[in-house]
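The values are calculated or read from the model by the stated rules, or taken from the named source; none is laboratory data. What you are looking at is a predicted structure, and each value in this text was computed from that prediction instead of being measured. In this analysis, Cβ positions are derived from the backbone assuming ideal geometry, glycine residues included, and neighbour counts consider all displayed protein chains. We work out accessible area using only protein heavy atoms, side chains counted, and drop any ligands, DNA or RNA first. Shrake-Rupley method; radii C 1.70, N 1.55, O 1.52, S 1.80 Å.
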Amino acid sequence: MKFYKAAFCSLLFAAAGIAQAAYPDLPVGIKNGGGALINDTVYVGLGAGNSKFFALKLNAADAQWQEIAAFPGGERNQPVVAAVDGKLYVFGGLQKNAQGELQLVNDAYRYVPESNTWEKLSTRSPRGLVGTVAAVHQDKIYLFGGSNLSIFNGFFQDTVAAGEDAAKKAEISRAYFNQRPQDYFFNSELFSYQPASNQWRNEGLLPFSGRAGAAFTIHDNSLLVVNGEIKPGLRTAEAHRGEFTKNGVKWQNLPDLPAVNGAPQEGLAGAFAGFSHGNYLVVGGANFPGSQAQFKAGRLYAHEGLSKAWQSDIFTLQKGQWKHIGKLPQGIAYGVAVSYGDKVLLIGGESAGGQASTKVQSLEYDGKKLNIE
């Protein structure tokens, strides 16, 4: 194992134990990866970190990142990562095959911290898992959204087959992006995986459109879904709340995420989300300003000619209404968020220009005052 040391600031006491006022940077920038919290240790890896995973003990006074055993499933972007009963699970993602084609994979792996070992599980996801997000409730990992495996893989297969023919590649891209949201067949069920039984379960159809890259959290008995892509390049500002009942999950609509400073709310993909002092926070994310207007004007290729923007806004949900409470120093998306003690940690991510971040930021909000470290 390798250890990476970094400077840190003075200590404070969090609800989960001793916590750093500022945590050390990641050894490498990680975007489009995944991570999860097991007790007081957070695990982050893959994406721009290639096949590497790192662990940080959040309650240690001399916190430093530790490189754990390399992930055996190969380099991949946008995996689904979650933790149940002290073990880390990794599902799916996007990786290159032997022909150099980017492809969705639907395999599954488990990491055991005590032995620092990975094992491939004898199961596979029933759906494509890119743009899919996960949260844990009791002994199950609940998975939400994601791209259609056949359509997504077909696009990359056709692109590679076009070789150096620029005109053919442009034709393929236009055909792919110039479709209605419903024609991408994004995952439209909530589904789950139970490690103890090694079984997948369909938890019911969603009463709203499929999404990719939504913010998805479970807190107590509630599920929260905020924004996400409804087709490549086009987000939605919609938000939804679900409740676990004996008859399945019951959903209701929340208000749309509001506009800020008069600018249209384009919706977000890759936003961070978590809880601080019981307050739900949604942070950052990315979108294409102008895509909503182009789509409403009838342009299915809604983000054509537009530039991607990384957002810095911070929202909270209070009594069923959204409130804008501040901004990060810079826009960030596609990182890992964990709720620890009374803070929400934002780990890595992608900043302007596609740069993979090494930063670990913490947010604390008590309903009145927002602190960013």
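A few comments on the model shown:
- Answer from 262, 270, 285, 298 - the residue that is modelled with pLDDT of 95 or more, at positive phi, surrounded by fewer than 21 Cβ atoms within 10 Å (Cβ to Cβ) and not aromatic (Phe, Trp, Tyr): 298
- When the stretch 152-186 is filtered for residues that are within 25 Å of the chain's Cα centre (by Cα), more than 20 Å from residue 99 (Cβ to Cβ) and not in a loop (DSSP other than H, G, I, E, B), the ones remaining, listed by number, are 177, 181, 182, 183, 184.
- If you go through the stretch 76-120 and keep only what is at pLDDT 95 or above and assigned to a loop (DSSP other than H, G, I, E, B), you end up with 76, 78, 79, 85, 86, 113, 114, 115, 116.
- First in the stretch 219-244 and under 23 Å from residue 179 (Cβ atoms) and in a strand (DSSP E or B), second anywhere and β-branched (Val, Ile, Thr) and modelled with pLDDT of 95 or more, Cβ under 7 Å, 6 or more apart: 230/236
- Enumeration of residues in the stretch 115-135 that are touching a residue at least 12 places away in the same chain (Cβ under 8 Å), more than 16 Å from residue 51 (Cα to Cα) and surrounded by fewer than 17 Cβ atoms within 10 Å (Cβ to Cβ): 121, 122, 123, 124, 126
- Yes/no for residue 227 being of a type outside the set (A, V, I, L, M), crowded, with 19+ Cβ neighbours inside 10 Å and within 16 Å of the chain's Cα centre (by Cα): yes
- Set 182, 194, 157: member being touching an Asp or Glu at 6+ places or on another chain (Cβ under 8 Å), open to solvent by 30 Å² or more (accessible area, probe 1.4 Å), of a type in the set (S, T, N, Q) and under 23 Å from residue 225 (Cα atoms): 194
- For residue 282, the conditions (1) under 24 Å from residue 183 (Cα atoms); (2) not in a loop (DSSP other than H, G, I, E, B) are fulfilled apart from (1).
- So residue 171, is it touching a strand residue (DSSP E or B) at 6+ places or on another chain (Cβ under 9 Å) and either surrounded by 13 or more Cβ atoms within 10 Å (Cβ to Cβ) or at pLDDT 95 or above (or both): no
- For the stretch 335-350, residues that are open to solvent by less than 10 Å² (accessible area, probe 1.4 Å) and part of a loop (DSSP other than H, G, I, E, B) total 2.
- Of all residues making up the stretch 301-334, the number that are under 20 Å from the mean Cα position of the chain (by Cα) and open to solvent by less than 40 Å² (accessible area, probe 1.4 Å): 11
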